[in-house]
Amino acid sequence: MNRFYVFNGDADGICALHQLRLVDPADANLITGVKRDIKLLDRVEAKSGDSLTVLDISLDSNRKGLMRLLEEGVKIEYFDHHYAGEIPQHHNLTAHIDLSADVCTSLLVDQYLKGKFHLWAITAAFGDNFVQKARQLGIAAKLTETEIDQLAHLGEYLNYNGYGDNLPDLHFHPAALYEEIKPYISPFDFIAESIAFRKLSAGYQDDTSRADSLQPLTADERHAAYLLPDAPWARRVSGIFANKLANAYPQRAHAVITPNHSGAYTVSVRASLTNPNGADVLCLQFDTGGGRKAAAGINHLPTDSLDSFITAFKQHFCS
């Protein structure tokens, strides 16, 4: 029997994987990619009797691959918080899917494991920009303010590493970053001892300082859109920049638009923190769009569709 883990290459996917692998470290095949590379089940070659755990990728976006594997006789356990559509009722599928606005995949895994590696779940919540929820959990866990801030930075750095148009844009391949984390039961030990943490911290500081100097393409009190330059640093920082804007201006919705290697745009959308809904509905209006209520995106927006996206973005978040 072969074991597979398929996981999103962001903070939530990696921390969810790490929690489960700390419990069950047996040899397994790992399949992942950049944060927006979500149709990962198409890559899985498994057969009857194999087992598969899926973490933090939309069921709806992977429906074809999921059904193929289920019919092959693969046992699948699915943890996720993105738009799922209709969840198949199949004897080989166990689904832990929750679309609540304050739940990420690592928190679902944390519930499943009864809090065994709770600090990694808090880290993931910070990385997925559930800042208020993560702080509440940190306080409930009796962490100091310094410790909470450390987990917040770690979550941001892990999430930052997942953004990019392709793997060469990243500081670490997500599977390689997981291998750096793998030896550490405590995230505080990873922060204190890991060279990977220091590399991510330095890259994050450099890239975000460049983004902070940008001016919006359009902005008012309810929404703002930014067009980033065609550069690796911009692709790396796009999602983190969107999160920073959302936290700095909680009444506004934000769109961060970045040129990608295919000659189109990649878009990150954040609903306002005061009304964290509708990002998924907006992005699903466009091909390759998807996500969750508070945060969503479009993987491939043709350049000649930019004006129509900006118009739709403004109209969608006008009230």
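The values are calculated or read from the model by the stated rules, or taken from the named source; none is laboratory data. Quantities reported herein were computed from a predicted structural model and do not represent experimental measurements. Every residue, glycine among them, receives a Cβ derived from its backbone with ideal geometry; neighbour counts consider all protein chains shown. Accessible surface is based on the protein model in full, side chains and every heavy atom, while ligands, DNA and RNA are left aside. Shrake-Rupley method; radii C 1.70, N 1.55, O 1.52, S 1.80 Å.
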Handout entry: Magnitude of the charge dipole, the stretch 171-319, Cβ model with Lys/Arg +1 and Asp/Glu -1, debye to 20
Key = 240
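Can you list the equivalent-ellipsoid semi-axes of the chain, largest first and in whole Å, using the square root of 5 times each Cα gyration tensor eigenvalue?
29, 24, 18
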Problem - Estimated FRET transfer efficiency (Gln132, Asp307; beta-carbon r; R0 30 Å; 0.05) - result: 0.30
Practice task
Take the alpha carbon atoms of the stretch 210-319, find their radius of gyration, then divide it by 2.2 N^0.38 Å using N residues; give the quotient.
Solution key: 0.94
Exercise for the section: Consider just the alpha-carbon atoms of the stretch 65-109 and return their Rg together with their Dmax, both in angstrom. Expected result: 11.3, 35
Handout entry: Of all accessible heavy-atom area on the chain, the percent that carbon and sulfur account for (1.4 Å)
Key = 50
Completion exercise
With R₀ set to 30 angstrom, the calculated FRET efficiency between the beta-carbons of Lys116 and Ser262, to the nearest 0.05, is 0.10
Completion exercise
Sorting Gln315, Leu282, His254 by the position of each Cα along the dipole of the stretch 231-319 (Lys, Arg +1; Asp, Glu -1; all at Cβ), the one nearest the positive end of that ordering is His254
Handout entry: Ratio of Rg to Rh over the stretch 189-258 (Cα coordinates, Kirkwood Rh, two decimals)
Key = 1.06
Problem - Descending semi-axes in whole angstrom, ellipsoid equivalent of the stretch 43-129, from the Cα gyration tensor - result: 25, 14, 11
Problem - Gyration tensor (Cα) of the stretch 126-249, equivalent ellipsoid semi-axes in angstrom - result: 26, 20, 11
Problem - Globularity index of the stretch 262-319, i.e. its alpha-carbon radius of gyration over 2.2 N^0.38 Å - result: 1.05
Problem - Potential lengthening between Asp189 and Lys142 on full extension [0.36 nm per residue; Cα-Cα distance subtracted] - result: 15.1 nm
Practice task
Would you kindly compute the Cα radius of gyration of the stretch 235-279 and its largest Cα-Cα separation (Dmax), both in Å?
Solution key: 11.2, 35
Practice task
Could you state the accessible area per residue of the stretch 242-319 in Å², with a 1.4 Å probe and every protein chain left in place?
Solution key: 42
Practice task
Take the alpha carbon atoms of the stretch 71-93, find their center, do the same for the stretch 194-256, and report the distance between the two centers in whole angstrom.
Solution key: 34
Problem - Unit Cα scatterers, Debye sum, the stretch 1-148: log10 I(q)/I(0) for q = 0.11, 0.13 Å⁻¹ - result: -0.40, -0.55
Practice task
Please sort 81-91, 290-300 by packing, taking for each peptide the average over its residues of neighbouring beta carbons within 10 angstrom, highest first.
Solution key: 290-300, 81-91
